[in-house]
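This report refers to the structure that appears directly beneath it.
Every number in this text was worked out from the coordinates using simple rules, so none of it is lab data. Note that the structure is predicted; figures quoted are calculated from it, not measured. Positions of Cβ are backbone-derived with ideal geometry, glycine not excepted, and every protein chain shown enters the neighbour counts.
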Amino acid sequence: MSQNDVPSFEDLLSGAQRSAWHLEMRDSYGIGDEAADFEHWQRTGECDTDPASAYWAPWVNLIGGTVGRGVAVRRARIVSEPVTEYIRYEYAGTTVNIKAGENVRWLPRRHASDIALPGNDFWLFDRTAVLFNHFSGDGNWTEPKWEVRTEPDVIQLAANAFKTVWERGIPHEKYAV
């Protein structure tokens, strides 16, 4: 599949019929569209948790519509403990993910040592396609930002990894940073 043929995240999500699972494994991300909010949180301890804000509304609408179609959207995060400042910020904003319809769990990294994990964060759609996210060492997107894989063995690796992380993970409301 050439980069021009790679479906967008939105296309993959809109095509999902049963499940969209997201596994995050980094302790820090440096994605520019959240930089201002992260810096504000670092200074004040306040982050944008308004589902109707300009930052969150597109995500809330996208996920809300997906969940409304009957798709289970799950997000699992593997984190080092004590958590990084970025993870504390991400934790503070997770209430919006949940309001949008996501289920979120956290797994301390020490409980993931025996799990076969792909080398990159990913989204798994209906166990038919995996979208791997590509980040640089400082957590910014690289080019290309993602790749989509449909080989059965790659899908199985992602599905097994997510399932195990999910089963071991701590629901957001029970996890404390």
(request) Quick one: which residues, 5 or more positions from Trp146 or on another chain, have an amide H under 5 Å from its amide H? H modelled 1.01 Å from N in the peptide plane, none for Pro or chain starts. (result) His134
(request) Read phi for every residue in segment 117-123 and hand back ³J(HN,Hα) as whole Hz from Karplus 6.51 cos²θ - 1.76 cosθ + 1.60, θ = phi - 60°, with x for Gly and Pro. (result) 10, x, x, 9, 4, 7, 10
(request) Summarise the long-distance tail of P(r) for the chain by giving the % of C-alpha pairs beyond 31 Å. (result) 11
(request) Return, ordered by residue number, the residues of segment 19-46 whose backbone nitrogen is under 20 Å from a label point located 7 Å along Cα→Cβ of Glu147. (result) 22-26
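Quick check: residue separation of Ile115 and Glu85 times 0.36 nm, minus the Cα distance between them. What number comes out in nm?
Details: separation 30, 0.36 × 30 = 10.80 nm, distance 2.52 nm.
Result for the pair: 8.3 nm of gain on full extension.
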(request) Please tell me the relative contact order of the chain in percent, rounded to the nearest whole number, where contacts are Cα pairs under 8 Å and at least six residues apart. (result) 28
(request) Note the per residue figure in Å³ for the convex hull of the C-alpha positions in segment 60-144. (result) 131
